[in-house]
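The values are calculated or read from the model by the stated rules, or taken from the named source; none is laboratory data. Fair warning: this is a prediction, and the values are worked out from it, not measured in the lab. Here the Cβ is made from the backbone with ideal geometry for all residues, glycine too, and neighbour counts use every protein chain on show.
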Amino acid sequence: MKYSLRQLEVFRAVAHSENITQAAERLNMSQSAASGALRELETRFDLQLFDRIGKRLKLNELGQVLKPQVHALLEHASDVERLFSQHNQAGTLKVGATLTIGNYLAINIMPRYMQANPGAKVALDVANTENIAAKVSNFELDIGLIEGEIQNSLLDIIPWQNDELIPFCSPENPLAKKQTLTEKDILESPWIVREKGSGTRQTFDWAMHGLLPNINIMMELQHTEGIKRAVEANLGLGCLSQIALVDAFKRGSLVPLKIPDRDFSRGFYLIVHQQKYRSPGIERWMAMCLQH
């Protein structure tokens with residue numbers, strides 16, 4: 001073989017930071033050793049993976065093409081090494097989930113996964129759909145669980161389950177007795193909604209097409225519970241996933257509202273990088289999600 005795994009590790013680390021010093025520190029190497037390994041790799045194949053601008057490195061077009069394949073190869077090599085060492089522990093699975101899924105679905109799947117895979121750990125990163133997709137695209141997460149639709153040619157997007165947003169208000173709000181909202185009600189009421197970039201906000205915006213420019217968005221919050229508390233205080237109307245509202249509706253602290261002829265349905269999806277090596281841990285997690 002004309003290259004070593006160490007050379008590929010150096011390439012991956014430099015591609016991530018575009019800085020040879022940071023890459024060397026990450027790999028616990030000297031800067032000269034890291035530079036030498038990268039130089040040997042490029043010389044061996046008579047190619048250039050980075051544009052060199054003074055002391056700065058910038059991953060070029062060829063480097064961009066090779067980066068995901070090198071990452072997948074190194075991930076596979078790590079799994080092979082674990083098998084050779086006869087380690088039975090599954091290690092840490094890095095899962096990203098949107099706020100709704102993380103708080104109400106992933107948190108229930110995690111203990112089942114760890115119980116079925118003794119020694120396994122799950123690192124859960126909760127953020128909005130846009131951020132989770134970006135981290136999966138950059139191999140910072142093994143798998144993502146998102147709400148709403150995205151367009152990303154680097155990712156496999158796997159339908160998971162259906163969901164629906166429900167508009168709601170405080171029982172103290174006059175609309176609580178009305179329950180069905182007119183366009184006038186929608187436009188005259190202040191709204192407390194999720195931030196742009198979240199799957200919940202995407203679905204809300206689509207559902208309110210034609211009215212959106214005139215809707216009074218009083219607050220944008222990044223936390224589902226914050227929105228529920230604000231609406232309970234009768235500061236405005238909210239619109240969240242049905243799974244986040246079950247308990248509040250049972251208690252009567254929030255009241256569901258109906259808006260005729262507006263589609264609040266959406267899907268939940270699993271996302272994995274197309275070049276990601278799907279380890280047994282990833283496959284087991286996906287299977288548990290699809291069975292949930």
* **From the options GLU25, GLU18, GLU61, residue that is under 18 Å from ASN138 (Cβ atoms), outside the structural domain of SER137 (by TED's automatic domain parsing) and either surrounded by 15 or more Cβ atoms within 10 Å (Cβ to Cβ) or touching a Lys or Arg at 6+ places or on another chain (Cβ under 7 Å) (or both)** => GLU18
* Can you give me the number of residues within segment 182-207 that are closer than 23 Å to GLU225 by Cβ and either in contact (Cβ under 8 Å) with a residue 12 or more places away in the chain or out of contact with any helix residue (DSSP H, G or I) (no Cβ under 8 Å at 6 or more places or on another chain) (or both)? => 17
* Count of residues meeting criterion [farther than 17 Å from GLN161 by Cα and either among the basic types (Lys, Arg) or within 20 Å of the chain's Cα centre (by Cα) (or both)] in segment 235-279 -> 11
* Structure fact -> From the option list ASN103, ASN152, ASN117, single residue qualifying as in contact with a Lys or Arg (Cβ under 7 Å, 6 or more places away or on another chain) and not charged (D, E, K, R) is ASN117
* Any chance segment 157-180 includes a residue that's assigned by TED's automatic domain parsing to the domain that holds ALA123, out of contact with any strand residue (DSSP E or B) (no Cβ under 9 Å at 6 or more places or on another chain) and not acidic (Asp, Glu)? -> no
* Asked: Can ILE107 be described as within 30 Å of ASP163 (Cα to Cα) and touching a residue at least 40 places away in the same chain (Cβ under 8 Å)?
  -> no
* Exclusive hit being within 26 Å of LEU105 (Cα to Cα), in contact (Cβ under 8 Å) with a residue 24 or more places away in the chain and not aliphatic (A, V, I, L, M), set GLN222, GLN179 -> GLN222
* To do: Report whether or not GLN161 is part of a loop (DSSP other than H, G, I, E, B) and either among the small types (Gly, Ala, Ser) or more than 11 Å from the chain's Cα centre (by Cα) (or both).
  => no
* Evaluate the following for ASN28: is it of a type in the set (S, T, N, Q), out of contact with any helix residue (DSSP H, G or I) (no Cβ under 6 Å at 6 or more places or on another chain), at positive phi and modelled with pLDDT of 90 or more? => yes
* To do: Can you confirm whether segment 189-203 contains a residue that is among the β-branched types (Val, Ile, Thr) and surrounded by fewer than 17 Cβ atoms within 10 Å (Cβ to Cβ)?
  => no
* **Residue in segment 73-87 that is surrounded by the fewest Cβ atoms within 10 Å (Cβ to Cβ), counting only those that are at pLDDT below 90 and among the hydrophobic types (A, V, I, L, M, F, W, C)** => PHE84
* Asked: Restricting to strands (runs of 3 or more DSSP E) lying wholly in segment 88-153: which have 3 or more residues that are surrounded by fewer than 19 Cβ atoms within 10 Å (Cβ to Cβ) and modelled with pLDDT of 90 or more?
  -> 121-126
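Test ASP79 against the stated conditions and say whether it is out of contact with any His (no Cβ under 6 Å at 6 or more places or on another chain) and part of a helix (DSSP H, G or I). Let's see the steps before the verdict.
Details: out of contact with any His (no Cβ under 6 Å at 6 or more places or on another chain): yes; part of a helix (DSSP H, G or I): yes.
Here the answer is yes, as ASP79 does meet what is asked.
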